[in-house]
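Just so it is clear, none of the values below were taken in a lab; they were calculated from the coordinates. Computed from a predicted model, the values in this text were never measured in an experiment. Counting neighbours? That spans all protein chains shown, and the Cβs are built from the backbone with ideal geometry, glycine included.
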Amino acid sequence: MSAGRYAPSPSGDLHLGNLRTAILAWLFAKASGREFMLRYEDLDTGRTVPGSADRQLADLGALGITFDGEPVYQSHRQRYYHDAVAQLSAQGLVYECFCTRREIQEAPRAPHAPPGAYPGTCRELTDEERGRRRTERPPALRLCTERTEFTVQDQLLGSVTAAVDDFVLARNDGAAAYNLAVVVDDQLSGVDQVVRADDLADSAPRQAYLRGLLYGQTAVQAVQYAHVPLVVNAQGKRLAKRDGAVTLGQLAEQGVAAEQVRDSLLGSLNLPPGPLDKVLAAFDAAALPLEPWMVTSTPDGVLKSPE
Ligand code: GLU
């Protein structure tokens with residue numbers, strides 16, 4: 001199977017930025033003859049808002065976004081993440097890390113280390129030190145990487161090179177970390193097209209590198225990436241819920257129908273208005289605008305992009 005996906009966190013209603021990315025992910029998948037899957041990234045249980053997964057599905061449906069198969073919930077898939085960590089562990093590629101956030105910030109690092117990269121403090125712990133630290137706090141598990149950066153090809157951004165450090169595979173509460181869960185789920189669900197907002201572009205090299213370790217180079221080569229521009233507010237910052245009427249529910253209260261929102265989003269992509277399956281014929285990835293889309297929503301509910 002060959003599939004694209006949309007992978008929201010069920011932490012509230014989707015806003016215009018999320019919805020625009022979802023439309024793009026659907027168009028990329030359908031234009032390339034792929035299936036399209038919905039995956040709820042709900043591993044961070046503290047952020048999950050009850051009922052929001054269903055509302056997200058309803059809002060996506062109101063825009064005409066359809067999915068193949070049942071939605072996947074990451075919270076139901078711990079055994080697959082566990083198996084992946086066990087596989088890496090058997091290859092000697094996993095180590096326990098006891099560092100607190102503060103210790104990581106304050107640790108000495110190599111002169112050219114990328115900002116935020118883990119300095120490798122716990123890589124060289126002796127068995128004795130490890131035993132002692134285990135009595136103080138439960139460890140997170142980190143990947144023992146053999147390189148400092150990795151490059152992927154992106155359909156919109158070209159070559160994307162970013163740091164690969166000893167990133168976390170499992171948090172110290174036992175939950176799988178974001179990068180691991182994405183890689184395992186994409187691979188096991190047949191996802192070979194990743195379309196998401198471009199603030200995640202820097203995660204792609206780490207994920208591709210990890211995919212190679214777990215599933216081999218062919219699996220890495222198979223994935224097509226397209227990181228799409230963000231929707232931003234009038235100050236040029238990533239759109240957020242506090243930016244006013246930005247969800248379908250809020251816009252409906254102002255008298256703006258889902259079809260109108262869909263058409264505004266399509267307009268922002270230089271695509272004609274109308275049902276998505278009709279718009280598909282006009283979709284050309286190479287003709288998409290590559291700048292962020294600045295949006296404001298006026299009190300009368302009309303979505304506008306400032307001149
Ligand atoms: N859950 C992420 C988000 O809502 C998307 C992760 C991904 O597409 O890999 O931004």
Sort 196-202, 263-269 by the packing proxy (mean of other Cβ within 10 Å over each peptide's residues), most packed first.
263-269, 196-202
What residues qualify as long-range amide H neighbours of Ala170, i.e. H under 5 Å apart, gap of 5 or more or another chain, H built at 1.01 Å from N?
Leu141, Ala177
Report P(r) for the stretch 1-129: all Cα-Cα distances, bin width 10 Å, range 0 to the bin holding the largest distance, values in whole percent.
10, 27, 25, 23, 13, 1
Using alpha carbons only, how many angstrom separate the centre of the stretch 121-135 from the centre of the stretch 169-208?
28
If pairing requires two Cys Cβ atoms under 4.7 Å apart, which cysteines of the chain are left without a partner?
Cys99, Cys144
Positive-end extreme of charge dipole, the chain - chosen from Ala208, Pro275, Leu248 (charges on Cβ)
Ala208
So which GluC sites (Glu not before Pro) in the stretch 81-171 end up in coil per DSSP with only 13 or fewer other C-beta atoms within 10 Å?
Glu136, Glu146
Taking the Cα centre of the stretch 143-206 as the origin, how large is its charge dipole in debye, to the nearest 20, when only Lys and Arg (+1) and Asp and Glu (-1) carry charge on their Cβ atoms?
80
Mind listing the long-range amide H neighbours of Val228? Cut-off is under 5 Å, sequence gap 5 or more, other chains count too, H placed in the peptide plane at 1.01 Å from N.
Arg196, Ala197, Asp198
Calculate, axis by axis, the spread of Cα positions in the chain along the three principal axes, and write the results as whole Å, longest axis first.
66, 39, 38
For Gln193, what residues show an amide H to amide H distance below 5 Å, using hydrogens built from the backbone and excluding near sequence neighbours?
Ala3, Gln224
For Ala62 and Ala86, compute 0.36 nm times the residue count separating them, minus their Cα-Cα distance, and round to one decimal in nm.
4.5 nm
Stokes-Einstein D in µm²/s, Kirkwood radius over Cα pairs - the stretch 107-223 at 4 °C with 1.567 mPa s viscosity
83
Once phi for every residue in the stretch 120-126 is put through the Karplus expression 6.51 cos²θ - 1.76 cosθ + 1.60 (θ = phi - 60°), the whole-Hz ³J(HN,Hα) values, with Gly and Pro written as x, are x, 3, 8, 4, 9, 4, 6
Between Glu146 and Glu106, 0.36 nm times their residue separation minus their Cα-Cα distance comes to what?
12.1 nm
Within straight-line cross-link reach of Lys237, aspartates and glutamates at Cα separation under 12 Å, skipping those fewer than 8 residues along the same chain:
Asp199
Positive-end residue of Ser2, Phe150, Leu60, charge dipole of the chain with Cβ unit charges:
Phe150
